[in-house]
Amino acid sequence: MNFDDYEKRYFSLYTEYAETVRFIIEKAIAATGGLPVLQSIQARAKAPDRLKDRLEEVGLIESQNIEEDRKDLAGIRLIFYTNTDVDRFLASRLIFENFEIDLQATKIHHPTKENEGTRYQAIHYVVSLKEERAKLPEYAKFKKLRCEIQIHTILNHAWSETSHDILYKDRPHAGFGSKAMESISKRFNNIMDTYLMPAGYEFQRVQHDYERLQQGKKLFDRGAIASLLSAKNNNERYDLLVSLKEVALPNYDDIAAIFSDLYEPLLESAKLARSTPDEQIDTPFGKLKGKSSTDVLRVIVQIFDYLRYVNIEKTFNAYCELFEAESDADVRKQILDSVKRLSEYEFKTWNQVGPQIQQFLANMLSQMKPERQASLRSLIITAWRELLAGDISGTTWSADSVTWQTGALPVSDTLKQIRGLAIAGLFDLFQSAQTDKEKRDVLSALDAAAQLPHQAAYSNELMALTLVNSKQIVDFYIGASDTLSYELLEHVEHKLLWNYRRTPQLANDEGGKFNCQAEAQALIGAIEAFRDRINTNDDFVRYKTLVGYEAVFPQHWINNKFDYQEVEKYRKKQIDQFVNSIIAENEAEWFACMERCALTKSNDLATFPTFVTFVVALSKTKPAVVDRYLEAATENLLNFLPGFLDGLAQSGNEDIYLRVVARFIEQGTQLTALARHWRNSKPAQPSLIFEVLRKAIAAKDNIAVIECMLFSMEESGSQRVPPSNDLFRPALVYLTESKDARWVHGAWFLGEIPDFFKHLSDDDASLLLQNLVPAPRIEFDSERLLELIAEHHLQAVWKYFGDRLIYEADKGEDDKYEAIPYGFGGLEKQLSRDVSLAISFGRTWFAQDKEIFQYRGGRLLSSAFPHCAETFAQALANLVTNGNDTDADFVLDVMQNYNEEPSTHEVLKRIVDRYSQDDSKLNRVEICFDKTGVVMGEFGFADAYRAKKQSILAWVDDPRLAVRNFAEAHSAELDVRIASEQKRADERIEMRRRKFDVDLGSDGNGES
């Protein structure tokens, strides 16, 4: 069709087509409930005179295919009131459901770098009738005709129409009025930037706020509180609570009244939620996990947190009631966090009511009955700790920043009273504590009274008050010292040493700069009294020398530079003295001391090194004493049997050593300790360690079996271990049958002893890998072992991963099993050594598991060849060229695990060139190319797509026509994505700014 054809024959057809498209859209909107109201909808065919001007302007007036050159011969304009209305209309997918969309011709007009900030804003779709509609007789004449659908807001429509008529419709001739038109153009841009865009966002914000208000009103009108109590299940209860919190409560005028109405129903809802079984949620996609009582409780706590200052007493009582009844650890922590916020000194509330909130809470807590305190210990400790704080803080949020404020509390009689009640309350809790854990929690809270603000200038009065409170606490420790365990004594002495070291400068303040000499001197005296009292106990001194890492020794009090190395020298000297001092007369006394040391519970490795050193030294020096000790030792002391045996082995008294070992082997007890001793000391008695393994397997003592196996691995080839068939293989077979791979945690570093893996047979390598198949995840330690095995058995390691994929499929989706890690930390260097082997295994897995190969085997290959190494990429490219369609699908599945690394480009180009007519494969190439990975910042996606466009533009110069065509088409699609992401980010920023910063007054000016 040329221009003459259009003017004489087709103009009326396109006019009718535009009206038809408008008719379809109007009917679809009417049939679809809940869509926003259109301000207007316009339809037109391109006027011949306007079309002629356009064609002449771009040099296409002689074109014989103007229907291909111009996409807007028929046009529809949908005009909405606000941006929100546009977004909701687009979300309805109404255009996609009723028309075929030419995505390459679709445009999102928004100011971006690419269009030099052009202010025109709209979304343009180019559509045609769906095939099933075009088959109908009344629509057949419109088949293959295209129509441009433009979507505007009313403000953008007014700007575009006005600017179009002035700037483009009747331009002045060359040489006349150019500067004036440039000025007019700038003014149009200023109108958009200064008035229309802000106004559009303001309309959007007002509409959003109004709709939230209406939602809240509906909730209020239908009796939200009554509905809450009559909820059928936790799903309904949760939805009501969320709506109440997010929609209704922010709009209540009398928040105090609603709090009174809500208080009991919220607590009752918590009780109902706990007794209500979970119900699944039916969705069009199947059943989803329903909301649990934990989910409901979280929202209830959030509501009380939101209303916490309305009624302090009721809020705190609510927290107490919820906390007592709750068993979920995460919910209990959330309640404790809320109690912390209620109790803390916060700038905003302090400026309004001073310390009244804290004073009220202190009085409440001090009057609470002891039996109630017992069930609320951690909650009460949390509150007391905050009330003892010396600083005040607050946060201020804006659209793009958070400001944290901190300062020191001013001292007043009220503050002194609050701190006094808090200290007394914590003393009571300490006295009623049943365990060291409970006492440590109280000690930690009391620390707050001895700490000055770290990031604020504090007054001399606050410093003096802190010193006075610290002395109160030390005096309490002195009085309680006889009841404290050795662990706590050690801990408290360590804490007081820090106070002791910082206080002398205050006590020696001759100029009176800090005005608290007397208080400082009193504190020093109290700390010295505590120190002297507890160190008269010889058993305690022995204990802290042998056990723990917080021990304080005499030199600590006089030498601030008495560091870790000096401590170790001191302890070594004391150990020698201790060992030499043990004689028949005090043997029982020392045995009791050792039992007390062994009684200590520890969850780290820093508690017992010195004690183990002492045990080894004693066993080596006085084996007869140790022989008697081991006869009477409890399980706690026998936990250190490896150390005893290590020392006995070095003592030179082989009779005692062998007798002790034989006794434990015969009893079949302490097998783990025996095997660990073999690992430590490596005695040359192969038959004995074999017997240990035999009994460990019979007793199903897996840890002992693991220790035996590790010993055999460490001593591979040595005369100290029996042949592999007698120790290593039986242990490994047993552990494999038990699905126990914990030996990995002790073997991952065995690369330092290369003989084992260097001489590992194929059968033993397969056994090791078979054992590792059920391991839930490949952690760093198991990966290190896989590296060592792969160095000599690469094919076996690839097969191992295939076995894990099969194992995962057999276990089903519910089991927490991760066959393939998301990345390797070194194993990839081994796996990538043989590209052909990797691809061979990958193709086998693909044939077995095409549907989800991309996420399993494909991900493994991409992890084995991170960043798509050139050798791997070349092999895949050759597979595309020389293989079949299945091979291409395999390659695409692998490619989808990369983020468009440069080496992948040739692989993707070959797919494009070979399958230029296969839309399915071309779409997958786009997916591979467009993967962004993690993006950062407001414009992260927009910038990522800009980078993608720069990459695809390099394809435009490719000698292959199909590749060039793909690049041009995809470049246009990326332009749409860039504009879309830019538009979305701009809108997020503007709406957030209005939410946080802008408060519009009657004059219409925004005030931050």
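The values are calculated or read from the model by the stated rules, or taken from the named source; none is laboratory data. Since this is a predicted model, take the numbers as computed values, not measurements. Cβ sites come from the backbone with ideal geometry, for glycine too, and all protein chains shown count toward neighbours.
Leu361: more than 33 Å from the chain's Cα centre (by Cα) and either surrounded by 16 or more Cβ atoms within 10 Å (Cβ to Cβ) or farther than 22 Å from Val301 by Cα (or both), yes or no? Judged against the criteria, Leu361 is a match. Going through (1) surrounded by 18 or more Cβ atoms within 10 Å (Cβ to Cβ); (2) within 23 Å of Asp538 (Cα to Cα) one by one, Pro642 falls short only on (2).
Checked against the criterion of being of a type outside the set (D, E, K, R) and in a loop (DSSP other than H, G, I, E, B), the range 904-914 has no qualifying residue. Does Val402 satisfy the criteria of being buried (at least 17 other Cβ atoms within 10 Å of the Cβ) and within 31 Å of the chain's Cα centre (by Cα)? No, not satisfied. Against the test of being surrounded by fewer than 22 Cβ atoms within 10 Å (Cβ to Cβ), in contact (Cβ under 8 Å) with a residue 12 or more places away in the chain and either in contact with a strand residue (DSSP E or B) (Cβ under 9 Å, 6 or more places away or on another chain) or of a type outside the set (Gly, Ala, Ser) (or both), the options Gln521, Gln434 yield a single qualifying residue, Gln521.
The set of residues in the range 122-153 that are in contact (Cβ under 8 Å) with a residue 60 or more places away in the chain, within 19 Å of Val976 (Cβ to Cβ) and of a type outside the set (Val, Ile, Thr) comprises Arg146, Cys147, Glu148, Gln150, His152.
Which ones in the range 21-58 are of a type in the set (Gly, Ala, Ser), closer than 21 Å to Glu100 by Cβ and assigned to a helix (DSSP H, G or I)? Ala28, Ala31, listed by residue number. Selection of helices (runs of 4 or more DSSP H) fully inside the range 629-743 by the criterion of at least 3 residues being at negative phi and touching a Pro at 6+ places or on another chain (Cβ under 7 Å) returns 641-651, 671-681, 686-698. Considering the conditions (1) assigned to a loop (DSSP other than H, G, I, E, B); (2) of a type in the set (A, V, I, L, M, F, W, C); (3) buried (at least 16 other Cβ atoms within 10 Å of the Cβ), Ile61 is excluded by exactly one of them, (3).
Residues in the range 757-768: is at least one surrounded by fewer than 17 Cβ atoms within 10 Å (Cβ to Cβ), assigned to a loop (DSSP other than H, G, I, E, B) and not polar (S, T, N, Q)? So far as the range 757-768 goes, yes, one or more of its residues are surrounded by fewer than 17 Cβ atoms within 10 Å (Cβ to Cβ), assigned to a loop (DSSP other than H, G, I, E, B) and not polar (S, T, N, Q). Being more than 24 Å from Asn771 (Cα to Cα), in contact (Cβ under 8 Å) with a residue 12 or more places away in the chain, buried (at least 17 other Cβ atoms within 10 Å of the Cβ) and out of contact with any Asp or Glu (no Cβ under 6 Å at 6 or more places or on another chain) is a description that does not apply to Ala869. With the requirement that a residue be surrounded by fewer than 18 Cβ atoms within 10 Å (Cβ to Cβ) and in contact with a helix residue (DSSP H, G or I) (Cβ under 6 Å, 6 or more places away or on another chain), what does the range 337-358 give you? Hit for the range 337-358 is Lys340, nothing else.
For the range 872-903, taking the residues that are farther than 26 Å from Glu808 by Cα and of a type in the set (D, E, K, R), the one that is surrounded by the fewest Cβ atoms within 10 Å (Cβ to Cβ) is identified as Asp885.
The C-beta contact set for the range 964-975 (first residue closer than 17 Å to Glu906 by Cα, second residue among the charged types (D, E, K, R) and modelled with pLDDT of 90 or more, distance under 8 angstrom, 6+ apart or interchain) comprises Arg964/Asp957; Arg964/Asp958; Ala967/Asp958; His970/Glu926. Suppose the filter is of a type in the set (Phe, Trp, Tyr) and buried (at least 16 other Cβ atoms within 10 Å of the Cβ); does Trp384 pass it? In short, yes. Consider the range 744-756 and keep the residues that are under 21 Å from Ala684 (Cβ atoms) and in a helix (DSSP H, G or I). The one that is modelled with the highest pLDDT is Phe756.
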